[in-house]
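The next block holds one structure in the form of structure tokens; read it before the comments.
The values are calculated or read from the model by the stated rules, or taken from the named source; none is laboratory data. Here the structure is a predicted model, which is why all the values come from computation and not from measurement. Neighbour counts run over all protein chains shown; Cβ positions are idealised from the backbone, glycine included. What goes into the accessible areas is simple: the full protein's heavy atoms, side chains included, and nothing from ligands, DNA or RNA. Shrake-Rupley method; radii C 1.70, N 1.55, O 1.52, S 1.80 Å.
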Amino acid sequence: MSRTTKPDSLTLLLLLLIAILSISSVEPGRPPFACDPRNGLTRSLRFCRTNLPIHVRVRDLLGRLTLPEKIRLLVNNAIDVPRLGIRGYEWWSEALHGVSNVGPGTKFGGSFPGATSFPQVITTAASFNESLWERIGQVVSDEARAMYNGGMAGLTYWSPNVNIFRDPRWGRGQETPGEDPVLAGKYAASYVRGLQSATGNRLKVAACCKHYTAYDLDNWKGVDRFHFNARVSKQDLADTYNVPFKACVVEGKVASVMCSYNQVNGKPTCADPDLLKGTIRGQWHLNGYIVSDCDSVGVMYDTQHFTVTPEESAAATIKAGLDLDCGPFLAIYTDLAIRRGLLTVTDVDMALANTVTVQMRLGMFDGEPSAQPYGHLGPRHVCTPDHKQLALEAARQGIVLLKNSGSLPLSTSRHRTVAVIGPNSDVTETMIGNYAGVACDYTSPLKGISRYVRTVHQAGCSNVACKANNLFGFAEVAARHADATVLIMGLDQSIEAEFKDRAGLLLPGYQQELVTRVAQASKGPTILVLMSGGPIDFSFAKYDRRVSAILWAGYPGQAGGTAIADVLFGTTNPGGKLPMTWYPQSYVAKVPMTNMGMRPSRGYPGRTYRFYKGPVVFPFGHGLSYTNFKQSLALAPTDLSVLINTNLFATKNYSTLSSKAIRVKHTNCDSLSLPLHIDVENIGNMDGTHTLLLFSEPPAAVKWSPNKQLISFHRVHVIAGSKQRVKINVHACKHLSVVDEFGIRRIPMGQHSLYIGDLKHSISLQANLEGIKN
């Protein structure tokens, strides 16, 4: 009988450490999508040679595919082609504010039980922080690549949603960066850059900006997105609805754009060659593919009756510039469209060239995934401490302090017991909004507050619908005996969501009564915290002295409860600003959701802060701090000479000076930049972050322009008692131009006004006509 030597404790520890390291270094692999080096039949094919230019490889692959194979690659659930060593691929994955399992391309389980769930986009937009948006995109793409390597996700993510939050009732407004086209465009470009993390022409993942265009109605009073014809002027299309998409393509270099369900001026967006080939590819030069919203190609035939036969719809979309159908329609009817002569094989090849090129830019035809630049990413790169911390920081930056009569921040010494009340007081999934995945973990508001002080909890309502008041008495008792009361109210996906637009802007059910009764009963200060994607008319609380402070938290993500508590107790000084106007209930009575006009006319009040001048609950850009900031101009030029391209006058193109406004494309934009230096001083007692919002207003004579419009923003942290200088370049073509009635962007001559808070500065623009030949 042999004798076994018992290892000592140090040896056991070393063995355990070696085992842990070996386990953590082995990631769950996935077989190559194509060009498997172990497959002798395909590894030497020309389209697998990574030393060749991508367009050469694409052309080789298309030449090897049969027509039936090509047709089955036109849809989101693309087939495998075993004879060429190509696996099937699901194009549809989502990553709006974290890797999501909404699309069939992604699933959670096994080594990937969840992913970091950041705040909903409308909340993150309130930070007005471009670097934060890009960093979130980078983290989301790290986790997406890790899940792809583990066989749980794809590499094509149909995010972000960059539609304009035009109407406060829209159920999907929560997914967007808000109502301002410049803000939405900056968000789009930043998040896309982070997601794609492009190195040259190579992508970490492929993003997609949606839903193009003029889409912001889901289901309102019997009108749904499948039947809706958005009647939009050329002016509104150019200066509002298309602005974020242009930024996505031109500045963000996005790899995909998704066309929407609705029609625009009588034509389905996915079958409009002017919108697709003409604008996205022709004017903006998209380097990528155009995909339909899911089943929208079928919708245009079955629901909108755009064509007489289904094959005509198939042909119309591909010829208009659509490359990929989310749905089965093109797989079913493209062959018949070709046989009837409505479409050619060349048309199909052009569509496939765009999708396959993106796949090659992603490395999907480069063989073994583990040998590629992101092949090392795996389970240990998902839900990391750093990623969770970023989700918390994003929530902190997005919270907006709407009202404060001096009760905030709360004190752990004076407010030792806090009553936490309301239907959203102990929620978890509500905090991540829609198009979310499975969060790493959650901290509810109740849990977050409980980390600071003793809490007494009463929901008051069983849910946000709050259809009964029988629990209000318990809430009043809790408030009566606590040192402070925090009411956490608002909405959730049962009230606002995809397919579900709101009828009005008031708090649901008996929520208003609960707030009023608790505020009356409360022994200490009463703070109202609102969770919602869309604006709420809570004027009653704004003017109620017993409600001493109000916060809007949006849908703050997995760490929302911690962020809310940190703001309540002053660990975080709030610095968020509203990315949309908060209208009174009376506003929606005057404005049908179906009216797409941005500008006021004949009793129609107009939309967003750029055009609507009526009463508001809180304006766009509103947000308070626990400290006070002072802004002053350090450098501000007053004049700018705009040089006109004199060659235009040789061809008698006098439209350049129409309405004393010069066409942007008729001047040298590179020379039209003005430096603006603003000093931001923290004159309070607490360190804080200030968001500087710069607005411009054109000369009064320009009647068809916005009243004022955001042209730049900058978030700056300022230590108490100190000063920071912010430098902004004001570009005349980008920042001082407006769009005329014909959709043409022009620079008005005359006196323009710049607004920074209470500061106003004027800049005079004059046309320089020297050297013009008659």
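One table, with the values for the structure above:
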{"read-out": "Ratio of the Cα radius of gyration of segment 629-769 to 2.2 N^0.38 Å, where N counts its residues", "value": "1.20"}
{"read-out": "Set of aspartates and glutamates with alpha-carbon distance to K70 below 16 Å, sequence-local pairs under 8 removed", "value": "D60, D80, E90, D323, D325, D335, D347, D349"}
{"read-out": "DSSP-assigned coil residues among trypsin sites (Lys or Arg not before Pro) in segment 44-118, each with at most 16 further Cβ atoms within 10 Å", "value": "R49, R87, K107"}
{"read-out": "Eligible lysines near K665 by straight Cα distance, threshold 26 Å, same-chain separation 8 or greater", "value": "K186, K234, K246, K253, K277, K652, K703, K708, K734, K773"}
{"read-out": "Inter-part distance where segment 445-460 and segment 547-593 are each reduced to a Cα centre, Å", "value": "19"}
{"read-out": "Segment 398-587: Lys pairs at Cα distance under 30 angstrom, eight or more positions apart or on different chains", "value": "17"}
{"read-out": "Positive-end residue, the chain charge dipole about Cα centroid, Cβ charges, pick of A314, I744, S539", "value": "I744"}
{"read-out": "Electrostatic dipole magnitude of segment 267-387 [Cβ: Lys, Arg +1; Asp, Glu -1; Cα centre; debye, to 20]", "value": "200"}
{"read-out": "Debye, to nearest 20: dipole size of the chain, +1 on Lys, Arg Cβ, -1 on Asp, Glu Cβ", "value": "940"}
{"read-out": "Euclidean distance of C-alpha centroids, segment 268-338 and segment 240-267, integer Å", "value": "15"}
{"read-out": "Carbon + sulfur, % of accessible area of segment 59-136 - ligands and nucleic acids excluded, 1.4 Å", "value": "51"}
{"read-out": "Rel. contact order, % - alpha carbon contacts under 8 angstrom, at least six apart, segment 629-769", "value": "33"}
{"read-out": "q = 0.12 Å⁻¹: log10 I(q)/I(0) that the Debye formula gives for the chain, counting C-alpha atoms only", "value": "-1.41"}
{"read-out": "Cross-link partners of K221 among aspartates and glutamates (Cα-Cα below 16 Å; sequence separation of 8 or more within a chain)", "value": "D167, E496, E498, D501"}
{"read-out": "Accessible-area composition of segment 629-769, carbon plus sulfur, in percent [1.4 Å probe]", "value": "49"}
{"read-out": "Per residue solvent-accessible surface (Å²) - segment 629-769, probe of 1.4 Å", "value": "47"}
{"read-out": "Protection-proxy order for peptides 88-101, 227-240, each taking the mean of Cβ atoms within 10 Å per residue, highest first", "value": "88-101, 227-240"}
{"read-out": "Residues of segment 398-587: accessible area per residue with a 1.4 Å probe, Å²", "value": "32"}
{"read-out": "Relative contact order, percent, the chain [alpha-carbon distance under 8 Å, six or more residues apart]", "value": "14"}
{"read-out": "With every protein chain in place, segment 398-587: carbon and sulfur % of accessible area (1.4 Å)", "value": "49"}
{"read-out": "Calculated FRET efficiency for the pair A371/V345, C-beta based, R₀ 35 Å, to 0.05", "value": "0.50"}
{"read-out": "Low-density loop cleavage sites - trypsin sites (Lys or Arg not before Pro) in segment 373-468, where at most 15 other Cβ are within 10 Å (DSSP)", "value": "R414, R416, R451, K467"}
{"read-out": "Computed accessible area, F742, all protein chains, 1.4 angstrom probe, square angstrom", "value": "150"}
{"read-out": "Cysteines in the chain lacking a second Cys C-beta under 4.7 Å", "value": "C208"}
{"read-out": "Accessible area per residue in Å² at 1.4 Å probe, computed on segment 174-282", "value": "27"}
{"read-out": "Neighbour-limited loop hits for chymotrypsin sites (Phe, Trp or Tyr not before Pro), segment 483-555 (at most 13 other Cβ within 10 Å; DSSP other than H, G, I, E, B)", "value": "F499, Y543"}
{"read-out": "Segments 475-485, 749-759, 112-122, 215-225 sorted - mean Cβ within 10 Å per residue, highest first", "value": "112-122, 475-485, 215-225, 749-759"}
{"read-out": "Peptides ranked, highest mean first, by Cβ atoms within 10 Å: ranges 192-204, 166-178", "value": "166-178, 192-204"}
{"read-out": "Translational D in µm²/s for segment 398-587 (Stokes-Einstein at 37 °C, 0.692 mPa s, Kirkwood Rh from C-alpha pairs)", "value": "202"}
